[in-house]
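Notes follow the structure.
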Amino acid sequence: MQQLRMSSGPSVSATPDVSPLFQAAMQEARSSAAGAPAAQPAQPAGPALGKPVLDKPKTPEEIFATRAEAASRLPVFTTGNMRVSPQKLNHLARLLRRQTIEEAKRQMNHTLKRRGVRVASLLHRIEAALRHNYNLDPADFVIAQAFVGKGTYLKRIRIHGRGRFGIMHHPSAHIKVMLGPRPNDKTPAEKEMAIIARRLVKRKLFVNVHDSRPIQQLHPVWSSKPWKYVTSPKWTDPNIVVAKPRA
């Protein structure tokens, strides 16, 4: 018997015809018995296993398109019929339109209308459905439409004097909510331009001029007839200019 020394461990007593693979197996078995951790196989180069590969950041247009596609697959949420008139319920629907779900819940919690509690419960169900049923973020959507529908009107007898009677109605109505994508946040420059444009429209400091269409003649102020009954060439001929410049 002669001693065969390995480069990575103590000497192993073996015959000259022992293969190197058998020697490596014996060395691993002795290391495991001694409590030393076994050598781990080399991992291939590349991303770590089990970890998701992060996508590239999306542009604002792609984010809005993704939200719009998700909103198109959502159903219409409704409160169901409740004892309230459609006219009174429409006051609450006006507070919901073009608002985020969080802001709409805040409006319903501070309203003095009794049916605000029922509408607030609907918004809570919408928020829970987006998170648990559709795996979506409620902050990515706004209430695009909130319209009121008429329910069943119950007819009852209203007693009048002198043996007469009338009919009174117990109305019912419901609110239906449709979600839409939330617009992307504007930059400070875009917000400033929107404020300026709103002021210009409100004060009527400009008039839209379409160069592709001919000038439309104004309705004659001296004629009480509609435009289709005016036959004078002064007002019907487009080659005659009747508008006078302002002083």
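Length gained on full extension, Ser72 to Ser85, computed as 0.36 nm times the residue gap minus the Cα-Cα distance: 1.7 nm. In summary, the range 60-181 shows an alpha-carbon radius of gyration equal to 1.34 times the 2.2 N^0.38 Å reference for compact globular proteins.
In the structure shown, the pairs Lys105/Lys155; Lys113/Lys191; Lys58/Lys176; Lys105/Lys176 are assessed against 22 Å; a Cα-Cα span above that value is assigned to Lys105/Lys155; Lys113/Lys191; Lys58/Lys176.
Read-outs throughout are calculated quantities, based only on the coordinates presented, and are distinct from any laboratory measurement. Note that the structure is a prediction, hence the values are computed from the model and not measured.
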